[in-house]
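Novice: Let me give you the structure first, and then I'll get to my questions.
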Amino acid sequence: LAFVLIVLAALFSAAVTYVLYINFQRELRESLRHRLENIATLAGLQQDGDAFEKVESQGDEFFQKIHETNLRIKQSEPELIFVYTMRKSENGIYFVVDAGLPGEPDISAYGDIYEEPSQTLLDNFDTLSSTIVEPEIYTDEFGSFLSAYTPIYTLQREKVGVLGVDISADTIVAQERAFQIRLLLIYGITLPLIFLAGTIAADYLARPILKLRDAANKISGGDFSYRITDIPETRELAELAVDFNAMTANLSSL
């Protein structure tokens, strides 16, 4: 009985801990998604689609114009990792302008093929009409980040490319891990309390049953005068004790 109570209490506590963590994680990630969606949407509105359409090389004036705009966007938010524009050809999705300072690592040049685009980007590149955010945070050796994509339009509302924005999720992941560790510590601390409470509860529930067992042993030994005087508080066990006393009285009369 104690084992069952302890296991049930431990499982319930684990379920509550898991639900708390999932809710905390969902709220953090939804907050980041909404923030990134707003950033990407505003960045898309600042794109000059007519100039973007004329970009033909790394150093032309239209490239520089788009680069300056997107570099300002990138520097306006400390947590933005990449701000980049893309087109699509028969060879796949390729970078047009990847905003970055000279010598900055992992900045793609004009015409570089996007080697491993996400499935979300592949599925929506041609039909993209509004800002979308990746469903999950992506983690690699460079850290954790979340990506959003928004279309680039000319003044005639012709879509000429896609703007990508990556934001760092390292802070979010660190908060999730810290909260997870805190919950696990609390759960570990409560386990001894659960064990103690389960043992006490089992003893409380089993004590009147053991008394009934002892009374049955006395009756089976021939002591028909024995009566249960300490009636249990539990209604069912109290009724059983009263019926047991009635039974022993009848046996004694016989």
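The values are calculated or read from the model by the stated rules, or taken from the named source; none is laboratory data. Computed from a predicted model, the values in this text were never measured in an experiment. Side chains included, ligands, DNA and RNA excluded: accessible areas come from the protein's heavy atoms. Shrake-Rupley method; radii C 1.70, N 1.55, O 1.52, S 1.80 Å.
Novice: Just the number please: accessible area per residue for the chain, 1.4 Å probe, all protein chains included, in Å².
Specialist: On the way: 15280 Å² over 254 residues.
Here the residues of the chain average 60 Å² of exposed surface.
Novice: Over the Cα atoms of the stretch 8-125, each weighted equally, I'd like the Debye log10 I(q)/I(0) at q = 0.11, 0.12 Å⁻¹, rounded to two decimals.
Specialist: Scattering profile of the stretch 8-125, log10 relative to I(0): -0.50, -0.56.
Novice: At 37 °C and 0.692 mPa s, what whole-number value in µm²/s does Stokes-Einstein give for the translational diffusion of the stretch 82-198, with Rh from the Kirkwood sum over Cα pairs?
Specialist: 192
Novice: Using only C-alpha atoms and all pairs of different ones, pull out the Kirkwood radius for the chain in Å with one decimal.
Specialist: Radius from the Kirkwood sum: 24.0 Å.
Novice: Now, a different point. In whole percent, what relative contact order does the stretch 27-147 give with Cα contacts below 8 Å and a gap of six or more residues?
Specialist: This gives 19 percent for the stretch 27-147.
Novice: To the nearest whole percent, what portion of all C-alpha pairs in the stretch 7-50 is separated by more than 13 angstrom?
Specialist: Within the stretch 7-50, distances greater than 13 Å cover 67 percent of Cα pairs.
Novice: Would you list the membrane-span-like helices of the chain, meaning whole DSSP H runs whose alpha-carbon atoms span at least 15 Å along their axis and whose mean Kyte-Doolittle value is at least -0.5?
Specialist: 2-45, 170-220, 235-253
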